[in-house]
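J.: Have a look at the structure that comes next, please.
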Amino acid sequence: MIRRPPRSTPLYSSAASDVYKRQVLVCAAGLPRGGRRELSQRFTRRFNVVCTVAPSRFVMQRIFQSILAEYMKVNNYMDTVKGMVEDLVAATIEVYELACANLRPTPSKFHYMFNMRDVSKVFQGITMAKALSVGSGETLARLWVHEVCRVFHDRLSAGEDKEWLAKLATQYSGKYLKTVWEYEDVFVNGKICWGDILRLGSHARYYEEIRDMEKLRRVLENQLEEYNVKAQKKMQLVFFDDAVEHVLKISRVIRQPKGYIVLIGVAVSYTHLRAHETRHDLVCRLLLEKKKKKKK
C-alpha cells in the first residue's frame, strides 16, 4: 500500500512542507491468518492498495532452474550433477507447496509461514557447496535433503510435523532424484550433516558433507580448549550429538551473506554463541551452559 500526504495537511513551515511532500509511506501486509486480523476499510481507504499474487509453479521453475543451471555451468560441476537441476528444482517447489498447504500457521504455531524466500534459501544452501564437494548425483541428493531440512524442518516445533516433513523429503528425493533411501537411513541410523568447520585452520574451507562425526567432535573439543586458554571463565562442556548438530546449523547460517538466526532455549539453560572473525574466517563456538537459580 502506498500513500502520499494530502495537499491540505497543515504544516508549520515551508521547509517542512517541502520535506513532507517528498515523503511516501509504503506498507506491506500478509493475508489475515495465523493470528493476523483483517485491516479495516477505515485504514486502507487512505492508501492505494496493490495486490500481488503468488508466482505459479511454472514461473518458479523457470526462475530457479535458470539460476542454478548457470551457477553449475560457471563453476564446472559434473555433467551428471548438472543434469539433475530440473528435477532438483521441481522437488523443492513441490515440497514448498505441500508445506504451505499442510503446515498452516495457528496461534500456537504462528511461525509456520513459508514464501518464495524459503525456496531461494534452499538453493542458496546448495550453492555453498563447490563442485569439489559434490562429485556425484547421490551427494547432490544428500545435500538437497540437508538444505530442505535446514530451511523447513528446523522451523517446525511439533514432533509430528518434523517427522512428516522428514518423510516428505525422503519420498521426493526418491521420486525426483532417484534415491533408494528409507526414512530411517537418513534421519535415524545415520543423519546427513554438512558444514565447513572441519578445516578451521585452512584458508580453503569447503562446505562439505561430514561423515566422520568423531573427527568433528575432536575439532570442536580443540576449539573449546583454545577458548578456555583465553577466557577467564572456563567451560566444561560435553559435545553430545544434539549439541554438535546445533553447531553445524548455526555455522551454516552465519557463513551466508546477512545470515541471522534466532536461538530459543528452555528456562533452565541458555545457548551462548561466540563468533570470532579474523579476516574472512568465521569460527563459531556453541557453548551450552546450565543456568541455576540462586536461592536467597
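J.: Checking the conditions here, which among LEU11, LEU31 is touching a Ser or Thr at 6+ places or on another chain (Cβ under 9 Å) and either modelled with pLDDT of 75 or more or in a loop (DSSP other than H, G, I, E, B) (or both)? Outline the logic, then answer.
T.: Details: LEU31 fails: touching a Ser or Thr at 6+ places or on another chain (Cβ under 9 Å).
Answer to the selection: LEU11.
J.: Ok, one more. Across segment 99-127, which residue is nearest to VAL59 (Cα to Cα) among those that are out of contact with any Phe, Trp or Tyr (no Cβ under 9 Å at 6 or more places or on another chain) and part of a helix (DSSP H, G or I)?
T.: Selected residue: ARG117.
J.: On to the next question. List pairs: first in segment 75-86 and among the hydroxyl-bearing types (Ser, Thr, Tyr), second open to solvent by 90 Å² or more (accessible area, probe 1.4 Å), Cβ under 9 Å, 6+ apart or cross-chain?
T.: Sorted first by the residue in segment 75-86, then by its partner, the pairs are TYR77/LYS130.
J.: So, one more: Quick one: THR139 ticks every box in (1) of a type in the set (S, T, N, Q); (2) under 27 Å from ASP241 (Cα atoms); (3) assigned to a loop (DSSP other than H, G, I, E, B) bar one, so which box is it?
T.: The failed condition is (3).
J.: Taking the conditions exactly as written (under 22 Å from the mean Cα position of the chain (by Cα) and over 20 Å from GLU138 (Cβ atoms)), does LEU68 satisfy them or not?
T.: So LEU68 does not fit the description; no.
J.: When only residues in segment 152-165 that are open to solvent by less than 20 Å² (accessible area, probe 1.4 Å) and within 15 Å of VAL122 (Cβ to Cβ) count, which is farthest from the chain's Cα centre (by Cα)?
T.: That would be LEU165.
J.: Looking at TYR112, TYR77, which is the one that is touching a Pro at 6+ places or on another chain (Cβ under 8 Å) and at pLDDT 85 or above?
T.: It is TYR112.
J.: Could you tell me how many of the residues in segment 99-111 are surrounded by fewer than 20 Cβ atoms within 10 Å (Cβ to Cβ) and touching a residue at least 24 places away in the same chain (Cβ under 8 Å)?
T.: The total comes to 9.
J.: It is to be established whether one or more residues within segment 162-172 are at pLDDT 90 or above and either in contact with a strand residue (DSSP E or B) (Cβ under 9 Å, 6 or more places away or on another chain) or acidic (Asp, Glu) (or both).
T.: For segment 162-172, residues at pLDDT 90 or above and either in contact with a strand residue (DSSP E or B) (Cβ under 9 Å, 6 or more places away or on another chain) or acidic (Asp, Glu) (or both): present.
J.: Search segment 118-132 for residues that are under 11 Å from GLN256 (Cα atoms) and in contact (Cβ under 8 Å) with a residue 60 or more places away in the chain and pair each with any residue that is hydroxyl-bearing (Ser, Thr, Tyr) and buried (at least 18 other Cβ atoms within 10 Å of the Cβ) when their beta-carbon atoms are under 8 Å apart and the residues are at least 6 apart or on different chains.
T.: MET128/TYR207
J.: Counting just the residues of segment 222-236 that are among the polar types (S, T, N, Q) and not in a helix (DSSP H, G or I), which one comes out least open to solvent (accessible area, probe 1.4 Å)?
T.: Here the answer is GLN236.
J.: If you don't mind, another one. Out of the residues in segment 62-98 that are acidic (Asp, Glu) and open to solvent by less than 70 Å² (accessible area, probe 1.4 Å), state the one that is farthest from THR127 (Cα to Cα).
T.: Restricting to residues being acidic (Asp, Glu) and open to solvent by less than 70 Å² (accessible area, probe 1.4 Å), the top hit is GLU97.
J.: For segment 36-61: of the residues being farther than 26 Å from SER120 by Cα and part of a loop (DSSP other than H, G, I, E, B), which is least open to solvent (accessible area, probe 1.4 Å)? Step through it out loud before you land on a result.
T.: Initially, segment 36-61 is screened for residues farther than 26 Å from SER120 by Cα, giving 37-49.
Narrowing the set further to residues that are part of a loop (DSSP other than H, G, I, E, B) leaves 37-40, 45-47, 49.
On the way: ARG37: 215, GLU38: 152, LEU39: 81, SER40: 63, ARG45: 154, ARG46: 120, PHE47: 22, VAL49: 85 Å².
Among them, the one singled out is PHE47.
J.: Taking segment 171-192 on its own, how many of its residues are under 15 Å from VAL85 (Cα atoms) and aliphatic (A, V, I, L, M)?
T.: So the count comes out to 1.
J.: Can you tell me how many residues in segment 146-177 are in contact (Cβ under 8 Å) with a residue 60 or more places away in the chain and either assigned to a loop (DSSP other than H, G, I, E, B) or touching a Lys or Arg at 6+ places or on another chain (Cβ under 8 Å) (or both)?
T.: Summing the residues that are in contact (Cβ under 8 Å) with a residue 60 or more places away in the chain and either assigned to a loop (DSSP other than H, G, I, E, B) or touching a Lys or Arg at 6+ places or on another chain (Cβ under 8 Å) (or both) in segment 146-177 gives 2.
J.: I would also like to ask the following. Can you pull out every residue in segment 182-197 that is open to solvent by 40 Å² or more (accessible area, probe 1.4 Å) and either part of a loop (DSSP other than H, G, I, E, B) or at positive phi (or both)?
T.: Across segment 182-197, the qualifying residues are GLU182, LYS191.
J.: Take ARG22 and tell me if it is under 30 Å from THR106 (Cα atoms), of a type outside the set (A, V, I, L, M, F, W, C) and modelled with pLDDT of 65 or more.
T.: No; evaluated as a whole, the condition is false for this residue.
The values are calculated or read from the model by the stated rules, or taken from the named source; none is laboratory data. Remember, it's a predicted structure, so these values are computed and weren't measured experimentally. Cβ: placed from backbone, ideal geometry, glycine included. Neighbour counts: every protein chain shown. We work out accessible area using only protein heavy atoms, side chains counted, and drop any ligands, DNA or RNA first. Shrake-Rupley method; radii C 1.70, N 1.55, O 1.52, S 1.80 Å.
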